[in-house]
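The structure under discussion appears below in the form of structure tokens.
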């Protein structure tokens, strides 16, 4: 009887572990906003955009046009510009990532390929690293050629303002400054949203990478 109970417990534990892995694959890594964090080193000063205080994670809607002006963050060279200033004639793709999440690592590795396709249609792309010290961000990206601009917020304000709860999260902004896509990092889905925004026939945008939001 004891051995049967132990076997049952082992089976239950295995099922719970499998369920947790499926959930992670479906939504990515929990964002720095929701996950426990250790204090940043005292020598590192947060570099954050003030953002609208009313915006919270999980909000039904965000005022993207306003946030494009208010989200002003530095790149790896220290130059701070608003997201509005970083837009192209046809929009902007912003992908929220961090350096610890394995799904973010995949998105970071694949983004140069995605960015090269969107750039042909005047939509620039950038990585927005969130919730990590400046030194961590500079060291991580300093050791890699990611092939597109990187901006960062060492705090949590940008996560809250844009209602981002996990990484990686791509947000596609159309030429009017509205959100055309926000969801899992499935590049085919991002491409479909971009085609709709650009009024292109379905299948016009072809990516050679898949993304991380599939199981």
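A short reminder: the numbers here are calculations on the coordinates, not readings from a lab. Predicted model only: the values in this text are computed from it and were never measured. Counting neighbours? That spans all protein chains shown, and the Cβs are built from the backbone with ideal geometry, glycine included.
State, as an integer percentage, the relative contact order of segment 115-194 based on alpha-carbon contacts under 8 Å between residues 6 or more apart. Before the final figure, lay out the partial values.
On the way: 78 pairs, mean separation 17.3, N = 80.
Relative contact order comes out at 22 percent.
I need 181, 152, 121 ordered by Cβ neighbour count within 10 Å, fewest first. Present the calculation step by step, with values, prior to reporting the outcome.
Numbers: 181 20, 152 28, 121 17.
The order, fewest Cβ neighbours first, is 121, 181, 152.
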